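All remarks here apply to the structure that follows.
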Amino acid sequence: ALVQAAELWNTKYRHELEDPAERTQLVSGNQLAVASWMLHDLGLLSESCRLIEPRSKILRQTDIGRQKWVRVDLDAWIPYLSGDLTAAIESSYEAALDVLRQPPQPGESDAIIRNPLVAARIAYFLYQSPEDRRVEDVLSAVGQPSHPALVEYVRWMLAALGENNETLIRRHLLSVLPKLTDEAVEPLAHQAALLEYVRERPDADVLSTARQRIFQSPAGPSRDLWLAVADALVALNAGKPAEAAETLKNLGDRPEVAALRSTTEFLTNPPASAASFPALEKVRLAVPVGRDGGVWIVLDGQRQLRLFDSKLARLTPIAKPDPSWFPSPLTWPWLSREPASGRVWTYSRRRVLELTPNAPKPFRCSISSPEIAAFDRDLSGQFTTLAEAVDASPRPAGENSEFLRSEIQSHAESMADPDLPELGFIAPLPQDPRIVQVAMRGGPHLLINARTGKAWTSRWLTEKLGLTQPLTFVAQALWEKPQSAGETPPIVLLLSNQGLIRFDTGSERVEQIPLPISPPFPALIPENAPYPRRDPDFAYFALPPEAGGRAFRLEVASGVVAAVDMINESLPDRYYDAMSRAEIRAEIDRRFRDRQLGSLEEFVADAVRVVAKWRSTPE
């Protein structure tokens, strides 16, 4: 679809901009809009953002045009990454404020070019200039319970959190809490509690208020978790670690609160040498390193990470793991640990950063903030397995960040590091949530039994099958019959680059199942049916769309595979998230050149040039 949109622009609409008919100009702009949107969904923000201004110039030439096309992202990222925060704000502020002040209503003709959820991203840039008076103007525009972008705005505000703007962000976050409905308040209330807890002098009333707002949210697992966390924070702030520990007992061994639990242990029975260090009087978090319990990594009341060797009575500051590191509510739990090895790491805005002292090769990878909770829950017990799998895999070369290397001159920690491995996704299988699939972009995959803690890597599966090429796959489990659900070990189908693979996680038997076609082990993906298939007697899958999309089904009882009279024309969710961005860029280049469109870089540069010339503005 991206190729077709680019081809329409290149062969037709780039030449028809001169047509005085407004509709022709709008359709020309639509081709760039579609290309920008698809590039954004593919994770190529550099190319997507560079098409935003040409698209906006075409819109502005028409009677319905607004200042900026606010649909997939703000092109403020490009000047921001060059180090020019002022230009970043100026590039999008007026357009974003216009959308936030007057968000389109459903059905309005301009709703597709004025997206308030995208406009809310201006918060990320504004709050990094906390003295800018426009921060208050934007908050007043979104700070009402009915605003469709209020929660999204706060999320981007918190993403910008750092030492220089903490006071302002705290004030604005607390001003929003009373305005939210009970149904929407829980995420922001627990974020307020975390932000307050990590301040130098936490306000007990603020913690109590945040806790009360969590309590007022609808009952459910999330409320139960965060209510217990808030109670523990209140108790720890009051100097009652034993009370905090009692609160956390209700959560069992959930990994999300392991750092809080070890903190209560440290504070309840501190090592004798801890009394010699005033910095350890107000510990916010404490996590043991290794397995002998003598070394700790602590986060003190000044938000300084420190290494505490209780046997040597030595307390050593740890340098910031990256330039923007801050214990933000979006990067909770701040410190995490693998129980079996004692390895410890922290989370930053876009990174997982190992802190284990004297580690020969500390593990580091890029991550998106929304994936941190899943990483901590599902990979805390598999950290070494993941690290070893990544270390054994070749590192994808090329342009592996959202933005091209040439554009990342500043604020590199805000983006995926092109030289680090990057998490693609963590997802439980819908057919059997006991099994979680982890995919590194362009790298290894893991399957994890979340109930037993057992994990298998794509390399192990490759070797088990005697394959010569690395295995990549989309996993789906067999549906269990209702009467036996959860009683037998899951059986997983791997729809892989090397055919259909059946994996019995109980016996660890792995086998390739041939298809009744030649070759018998083609690349496969899940069939995306027009309705969810839940029949435990069959499993469905298909060839990729570019290979014709022919569909097949496996009869579970007999193991027989037969063709189905259907064609599958779409890819599964997050299909591209398992690919490195360099692979995606290379594939687009290949397909563009097949259609005589040049490379992706050339296509984008040409569009910018053509629209600039049409508007008689400097390139």
Any hit, segment 109-118, residues being basic (Lys, Arg) and open to solvent by 30 Å² or more (accessible area, probe 1.4 Å): no
The one condition in (1) open to solvent by less than 50 Å² (accessible area, probe 1.4 Å); (2) farther than 14 Å from Ile122 by Cβ; (3) in a loop (DSSP other than H, G, I, E, B) that Ile58 fails to fulfil: (3)
Residues that are under 20 Å from Arg574 (Cα atoms) and open to solvent by less than 40 Å² (accessible area, probe 1.4 Å), drawn from segment 479-500: Val492, Leu493, Leu494, Leu495, Ser496, Gln498, Gly499, Leu500
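Yes/no per residue for (1) within 23 Å of Met579 (Cβ to Cβ); (2) among the basic types (Lys, Arg); (3) modelled with pLDDT of 95 or more:
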| position | (1), (2), (3) |
| --- | --- |
| Thr462 | yes, no, yes |
| Val474 | yes, no, yes |
| Ala485 | no, no, no |
| Ile491 | no, no, yes |
| Asn497 | yes, no, yes |
| Arg509 | no, yes, yes |
| Pro522 | yes, no, yes |
| Ala542 | yes, no, yes |
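Listed here are the residues, each with its yes/no results for (1) open to solvent by less than 40 Å² (accessible area, probe 1.4 Å); (2) over 27 Å from Ala76 (Cβ atoms).
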residue	(1), (2)
Ser324	yes, no
Leu330	yes, no
Ala340	no, yes
Arg349	yes, no
Leu379	yes, yes
Leu386	yes, yes
Test: residue in segment 521-544 that is more than 27 Å from Arg395 (Cα to Cα), among the small types (Gly, Ala, Ser) and in contact (Cβ under 8 Å) with a residue 60 or more places away in the chain: yes
Count - residues of segment 551-593 that are of a type outside the set (Asp, Glu) and over 25 Å from Glu47 (Cβ atoms): 16
Test: residue in segment 392-400 that is in contact with a helix residue (DSSP H, G or I) (Cβ under 8 Å, 6 or more places away or on another chain), in contact (Cβ under 8 Å) with a residue 24 or more places away in the chain and not in a loop (DSSP other than H, G, I, E, B): no
Conditions (1) more than 30 Å from Asp573 (Cα to Cα); (2) of a type in the set (D, E, K, R); (3) surrounded by fewer than 18 Cβ atoms within 10 Å (Cβ to Cβ); number of the one not met by Glu7: (1)
Residues of segment 68-102 that turn out to be outside any helix (DSSP H, G or I), under 13 Å from Ser56 (Cα atoms) and more than 24 Å from the chain's Cα centre (by Cα), as a count: 2
Segment 273-305: number of residues that are open to solvent by less than 50 Å² (accessible area, probe 1.4 Å), out of contact with any helix residue (DSSP H, G or I) (no Cβ under 6 Å at 6 or more places or on another chain) and among the charged types (D, E, K, R): 2
Among the residues listed as Ser222, Ser208, the single one being hydroxyl-bearing (Ser, Thr, Tyr), modelled with pLDDT of 95 or more, surrounded by fewer than 22 Cβ atoms within 10 Å (Cβ to Cβ) and more than 27 Å from Asp137 (Cα to Cα): Ser208
Some residue of segment 260-283 being in contact with a Phe, Trp or Tyr (Cβ under 9 Å, 6 or more places away or on another chain), over 27 Å from Leu173 (Cβ atoms) and in a strand (DSSP E or B): no
Count of segment 545-562 residues which are in a strand (DSSP E or B), open to solvent by 50 Å² or more (accessible area, probe 1.4 Å) and within 20 Å of Glu511 (Cα to Cα): 2
Elements of type strands (runs of 3 or more DSSP E) in segment 412-464, at least 3 residues being under 17 Å from the mean Cα position of the chain (by Cα): 423-429, 432-440
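The values are calculated or read from the model by the stated rules, or taken from the named source; none is laboratory data. Because the structure is a prediction, the values reported are computed rather than measured. With ideal geometry, Cβ positions are generated from the backbone for all residues, glycine too; neighbour counts draw on all protein chains shown. Each accessible area value is taken on the protein alone, full model and side chains, heavy atoms only, with ligands, DNA and RNA left out. Shrake-Rupley method; radii C 1.70, N 1.55, O 1.52, S 1.80 Å.
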